[in-house]
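Please treat every number below as a calculation from the coordinates, not as lab data. These numbers come from a predicted model, not from an experiment. Neighbour counts run over all protein chains shown; Cβ positions are idealised from the backbone, glycine included.
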């Protein structure tokens, strides 16, 4: 029985890790990005040819894991929040929420089975529940941390992308040409924005209207500043208004927001550093100041002439 539980735990853990690793690798393949651009929102697997192991893993994930994951997460605010977190973390595949949900469940079950091996510490199924819940919580927190870091990197690079658009417009290019120029320069100038910009470029090449491509771009970037940029460009396309000055103003505003956020972080870091310094140096300072008086008091109580 013990050997069976250990075997099940190892199989579940290895399967879940392989599933998540395969998804991450697939999302970084160039051909996968091209197929996603042609089938936006279709929920189909983007398989890179030439890798049989990866193809088999993705077929298994799409036929079995993805439908089960969709049933697991269901519909509602929680599923929308999970999809948003995955987009912010850089996982743009439509099936990413389902695969993450089933992978998190597999890891939680594996951790619970492994934790139950130490059932002598906690009676009953307590260790299984603690291990499973703790692993699920850790997976969610890791996703949130990665999403926050990736979103911060995109916010930091968005003013540079806007500057590239302004540069193209000042050179006499139209709005679509400016978008194409920013997307073409993204791998070197704005690497955090490059995957979403590449998809937008492929959609424009495929004949997608500019407004729809901009809407999808802001949806993939999943940051408020990108939605503001997309709306600004859409208004210019719709009413034919001038775009260079509004883009410059938006870039300046984003830069000022970053500066204000940096100042806020510096201020909070200074407060934390002050607390640490007080906690570290105050005891030593009290000992140094009170040691002579305490020594004299002890000498007087013991009758020592020193």
Computed from the beta carbon distance with a Förster radius of 51 Å, FRET efficiency for residue 173 and residue 270 to the nearest 0.05 stands at 0.65
Which semi-axis lengths, in whole Å and largest first, follow from the square roots of five times the eigenvalues of the Cα gyration tensor of the range 75-198?
45, 13, 10
Given N residues in the range 152-304, what is its alpha carbon radius of gyration divided by 2.2 N^0.38 Å?
1.89
Would you please classify the overall shape of the range 238-306 from the alpha carbon gyration tensor, given that a ≥ b ≥ c denote the square roots of the eigenvalues, rounded means a/c under 1.5, and beyond that prolate means a/b larger than b/c while oblate covers the rest?
prolate
Burial order of peptide ranges 262-274, 175-187 (average beta-carbon count within 10 Å, highest first)
175-187, 262-274
Determine, for each peptide in 200-209, 157-166, the mean count of other beta carbons within 10 angstrom over its residues, then list the peptides with the highest first.
157-166, 200-209
Once you sort the root eigenvalues of the Cα gyration tensor of the range 153-241 as a ≥ b ≥ c, which label holds: rounded (a/c under 1.5), prolate (a/b larger than b/c) or oblate (the other case)?
rounded
I'd like to compare 248-257, 293-302: which one has the highest average count of other Cβ atoms within 10 Å, and what's the full order after that?
248-257, 293-302
Prolate/oblate/rounded call for the range 206-272, Cα gyration tensor, a/c under 1.5 rounded
oblate
Any idea how far the Cα center of the range 207-236 sits from the one of the range 264-286, in Å?
44 Å
